[in-house]
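Note sheet for the following structure.
The values are calculated or read from the model by the stated rules, or taken from the named source; none is laboratory data. Computed from a predicted model, the values in this text were never measured in an experiment. For neighbour counting, all protein chains shown are included, and Cβ atoms are generated from backbone atoms with ideal geometry for every residue, glycine included. Keep in mind that these areas ignore ligands, DNA and RNA; they rest on the heavy atoms of the full protein, side chains included. Shrake-Rupley method; radii C 1.70, N 1.55, O 1.52, S 1.80 Å.
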Amino acid sequence: KQEVTQIPAALSVPEGENLVLNCSFTDSAIYNLQWFRQDPGKGLTSLLLIQSSQREQTSGRLNASLDKSSGRSTLYIAASQPGDSATYLCAVNTGFQKLVFGTGTRLLVSP
Amino acid sequence: SAVISQKPSRDICQRGTSLTIQCQVDSQVTMMFWYRQQPGQSLTLIATANQGSEATYESGFVIDKFPISRPNLTFSTLTVSNMSPEDSSIYLCSVVRPTRSGETQYFGPGTRLLVL
C-alpha cells in the first residue's frame, strides 16, 4: 500500500528565505507526482506536476524535483513571501489518476 | 485549468440524515473523483465516477454509505447517507485535464460538513 509522508509537518520562516519541503513515498511505481497548496477554508490549487520520467519542473519561484527510485520529491520555494503561507500537499498518482496524498506541510512566512 | 463548483459550500446536519453534494465542471470530462478530508488529516479518495457506469469505490468506502451519480459528463453528486459525527469532513470533487506538463488534477472548493 502506497504511503506518502511529508517533512516537516510545520515550518515557520521569515520573509525572503529560500526553503525546501520534502515528500517521500514508499512505492516507486508511480505515474506522476503533483504538488498542491491548500489555503484555509479553500480547496486545492495545483502548483506543479512531475511525470515519473522527469527529474524536475519549475514554475516561477517554485521548483519541484523527483527521484523516483529513492521515493523522494522536494519542493523548493525561492525568496519566500507572506502570500506563500499555506499548507503544501504532495500527491502521487498510483494509476487511473488515483492520488495518494501526503500528510502536508503547514508553512508560515512572516513579514 | 478547470472551473469546478460545488454545492453546498458548507452545511451542518443532524446525525441519521443524508446530504447530497453536487459537483459541476465547466466542460466535459471522462472521470470525476470524490475525496474526503477529515479534520487535521490529508485527502483520501472515496470513489471514481464515470459517466454511464457505476462508481468505483476505494477500500473502506461502500456504495450504501456514499452513493454517487454521474448523469452526464459535466456533473456528479455524492450523497453521505445516515450521517454520524465521524462523517464531519471536507468533501472535494476533482477532475483531470491535459496540460503542458501532463494530465493534471484540479479540485473544487470543497463542501464543509459538520454532523452533530
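Things worth noting here:
- Here is the figure for segment B:93-116: residues that are within 9 Å of another protein chain (Cβ to nearest Cβ), farther than 16 Å from A:Gln34 by Cβ and in a strand (DSSP E or B) total 1.
- Test: residue in segment A:71-92 that is modelled with pLDDT under 95 and crowded, with 20+ Cβ neighbours inside 10 Å: no
- Those residues of segment A:88-111 which are at the interface with chain B (Cβ under 9 Å from one of its Cβ atoms) and more than 18 Å from B:Thr104 (Cβ to Cβ), in sequence order: A:Thr103, A:Gly104
- Tally of residues being touching a Ser or Thr at 6+ places or on another chain (Cβ under 8 Å), of a type in the set (Asp, Glu) and farther than 19 Å from B:Asn82 by Cβ across segment B:37-66: 1
- Residue match in segment A:62-69 (condition: within 11 Å of chain B (Cβ to nearest Cβ) and buried (at least 21 other Cβ atoms within 10 Å of the Cβ)): yes
- Among (1) within 14 Å of chain B (Cβ to nearest Cβ); (2) under 14 Å from the mean Cα position of the chain (by Cα) - the single one A:Asp84 does not satisfy: (1)
- A:Thr26 under 19 Å from B:Thr104 (Cα atoms), open to solvent by 40 Å² or more (accessible area, probe 1.4 Å) and not charged (D, E, K, R): no
- Note on segment A:32-47: residues that are among the hydrophobic types (A, V, I, L, M, F, W, C), within 8 Å of chain B (Cβ to nearest Cβ) and open to solvent by 10 Å² or more (accessible area, probe 1.4 Å) amount to 1.
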